[in-house]
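The structure appears right after this line, and notes come after that.
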Amino acid sequence: MILERQDPYGILRPMASSLLTTFLPERCLVCSDREQVTRGVCNRCRSLIRRLDAPLCEVCGRPVGTPGVCLACLHNPPPFDRMVSACVYEGLIQDIIHQFKYRRATVFSKFLAGLIAERLAADCESPDLVTAVPLHWSRLIQRGYNQSMLIARELSGYIGGVVRYDVLRKTRKTPSQVGLPKADRERNLDRVFTAAGVKGRSIVVVDDVITTGRTAREVSRALRHAGAERVVFASVGRTVS
Ligand SMILES: [Zn+2]
Ligand SMILES: [Zn+2]
């Protein structure tokens, strides 16, 4: 009421609310609680997110039951040096990623980058460059942003490395991998990515979710082809069977 009388044009109102949010502890983006909130999400909500069960393969990062490098990676070494995922793609994190990707909930980028950073910090990854799996330009226009690139930008603030938007390119539009038969999935991504400007560099590539690992392999092949020295693939979520 007082504010209304003194501020007929409503200029002070946004100032007052921004002052309030500056001094009050931040709210959890998921449950709106103000208790123990870090990077936008409270500890109670964080505790609902499931990490991958160790031991994990040192190369592909899958939970394999025994420490070291899994048989699949030994017999057929992947084109990346390492692949790490912050958590299992299910429940709350699946909902958050969905909102983040399709409903413009970009406020989660710091939180999601933080989850990856916590995972990478344990292994002292400190790359020259940080980038993300690219979208085809038509998809980028349609969505308005590359969700993985938003995470990459925040991630470089935590682990170091220069963010690069231009080292990877997706040369053609591909139908979603979900539900495609294996042979079609292989053809679907065949030579669809190109890379440049990475010679001799160590690079971290961000993806939101890893399912088959096919995209990671194709992107890594392109980076290797362009002379990248070390390729680490990092995702927020991973599907586990
Ligand atoms: Zn919460
Ligand atoms: Zn492996």
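The values are calculated or read from the model by the stated rules, or taken from the named source; none is laboratory data. The shown structure was predicted, so the numbers you read here are calculated from the model rather than taken from an experiment. Counting neighbours? That spans all protein chains shown, and the Cβs are built from the backbone with ideal geometry, glycine included. Heads up: the accessible areas ignore ligands, DNA and RNA and are worked out on the full protein's heavy atoms, side chains in. Shrake-Rupley method; radii C 1.70, N 1.55, O 1.52, S 1.80 Å.
Would you call Arg39 basic (Lys, Arg), within 23 Å of the chain's Cα centre (by Cα) and surrounded by fewer than 17 Cβ atoms within 10 Å (Cβ to Cβ)? Criteria not met by Arg39. The number of residues in segment 215-241 that are among the aliphatic types (A, V, I, L, M) and in a helix (DSSP H, G or I) comes to 4. When segment 58-70 is filtered for residues that are more than 8 Å from ligand 2 (Cβ to nearest atom) and over 15 Å from Thr212 (Cα atoms), the ones remaining, listed by number, are Gly65, Thr66, Pro67, Gly68.
If you go through segment 58-115 and keep only what is open to solvent by 10 Å² or more (accessible area, probe 1.4 Å), more than 16 Å from ligand 1 (Cβ to nearest atom) and of a type in the set (A, V, I, L, M), you end up with Val59, Val64, Val69, Leu71, Ala72, Leu74, Met83.
Condition check ((1) charged (D, E, K, R); (2) at pLDDT 95 or above) across all residues:
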{"residue": "Leu74", "(1), (2)": "no, yes"}
{"residue": "Phe80", "(1), (2)": "no, yes"}
{"residue": "Phe100", "(1), (2)": "no, no"}
{"residue": "Arg104", "(1), (2)": "yes, no"}
{"residue": "Leu120", "(1), (2)": "no, no"}
{"residue": "Cys124", "(1), (2)": "no, no"}
{"residue": "Pro127", "(1), (2)": "no, no"}
{"residue": "Val130", "(1), (2)": "no, yes"}
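Yes/no matrix, rows are residues, columns are (1) in contact with a strand residue (DSSP E or B) (Cβ under 7 Å, 6 or more places away or on another chain); (2) among the charged types (D, E, K, R); (3) part of a loop (DSSP other than H, G, I, E, B):
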{"residue": "Val69", "(1), (2), (3)": "no, no, yes"}
{"residue": "Leu74", "(1), (2), (3)": "no, no, no"}
{"residue": "Pro78", "(1), (2), (3)": "no, no, yes"}
{"residue": "Ser85", "(1), (2), (3)": "yes, no, no"}
{"residue": "Ile93", "(1), (2), (3)": "yes, no, no"}
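Each residue in segment 44-57 was checked for being within 16 Å of ligand 1 (Cβ to nearest atom) and open to solvent by less than 20 Å² (accessible area, probe 1.4 Å), and 2 of them qualify.
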